[in-house]
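The values are calculated or read from the model by the stated rules, or taken from the named source; none is laboratory data. Source: prediction; values computed, not measured. Every residue, glycine as well, gets a Cβ built from its backbone with ideal geometry; the counts of neighbours run over all protein chains shown.
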Amino acid sequence: MKDFTGGSHYQEKKTFDTVKPAVGKKIKVVFKDGEELIGTTQGYQPGRPGFFVFPADPESNLDRVFVFSASTCLVSFV
């Protein structure tokens, strides 16, 4: 996290910057609670316990997220 207070009114963008190329594979993660995370990864492999995702939105309060595979219901490359 960049800031522990966060921005409760900020709507995170679900798109990639068209000017700055994305590093890694573009990925969409849907969690069991319905939340979606769009970003990039360099370490996703099905069957592994988890992987890191870097959010697509540069203004996100998250720098990177460790995703536990067991908490997801869908992982797809976009």
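Details
- From F4, F31, F16, residue being surrounded by 12 or more Cβ atoms within 10 Å (Cβ to Cβ), at pLDDT below 95 and either on the phi > 0 side of the Ramachandran plot or not basic (K, R) (or both): F16
- Only listed residue being more than 15 Å from E12 (Cα to Cα) and touching a residue at least 12 places away in the same chain (Cβ under 8 Å), chosen from P55, P49: P49
- Yes/no for V30 being touching a Cys at 6+ places or on another chain (Cβ under 9 Å) and not acidic (D, E): yes
- Per-region count, the stretch 43-65, residues exposed (fewer than 14 other Cβ atoms within 10 Å of the Cβ) and under 15 Å from V78 (Cβ atoms): 0
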